[in-house]
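The values are calculated or read from the model by the stated rules, or taken from the named source; none is laboratory data. Given the structure is predicted, the values throughout are model-derived calculations rather than measurements. Here the Cβ is made from the backbone with ideal geometry for all residues, glycine too, and neighbour counts use every protein chain on show.
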Amino acid sequence: MAAEFLPAGTKPADFLTHYATRFEAVEIDGSFYRIPNESTVDGWRDKTPEGFRFTLKASQRITHFDRLRLPSAALDAMLAACSRLGDRLGRVLYQLPPNYGKGHDAPGAVPRANAPGHARRVRVSPPVLAR
């Protein structure tokens, strides 16, 4: 697939730059597994044009391990990373685990301390809805 999408000889360091010439947004799933560091986020921002938007998936530390409890050092680190994107941050996606549990107000439980001025979305795994 990459061979069809990327021009021949495109270096991995240039993949995002090329992607941003064809699309207006991207969802970063890797942030679910590891909160990106400052230099990584700065690189994303610097390689994309004005108007490009990033959706970052909130760290599993926030949703699966801390289970949306506050205070959360992971949430603080995630929001610090998000803030480095400036106006390129579109949304923060909170994907809750399938065993989050009946009786929880999933959308209401998402930490109120969201990236200022930016939307958040909650993705609840289907088993939660079936309980």
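Summary table below
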| quantity | calculated |
| --- | --- |
| Residues satisfying the stated conditions in the range 8-31, i.e. touching a helix residue (DSSP H, G or I) at 6+ places or on another chain (Cβ under 7 Å) and more than 30 Å from ARG61 (Cβ to Cβ) | THR10 |
| Residue match in the range 74-94 (condition: at pLDDT 80 or above and of a type in the set (Phe, Trp, Tyr)) | yes |
| Residue in the range 62-76 that is surrounded by the most Cβ atoms within 10 Å (Cβ to Cβ), counting only those that are in a loop (DSSP other than H, G, I, E, B) and not hydroxyl-bearing (Ser, Thr, Tyr) | LEU68 |
| Test for GLY51: is it surrounded by fewer than 20 Cβ atoms within 10 Å (Cβ to Cβ), without any contact (Cβ under 8 Å) to a residue 40 or more places away in the chain, part of a loop (DSSP other than H, G, I, E, B) and not hydrophobic (A, V, I, L, M, F, W, C) | yes |
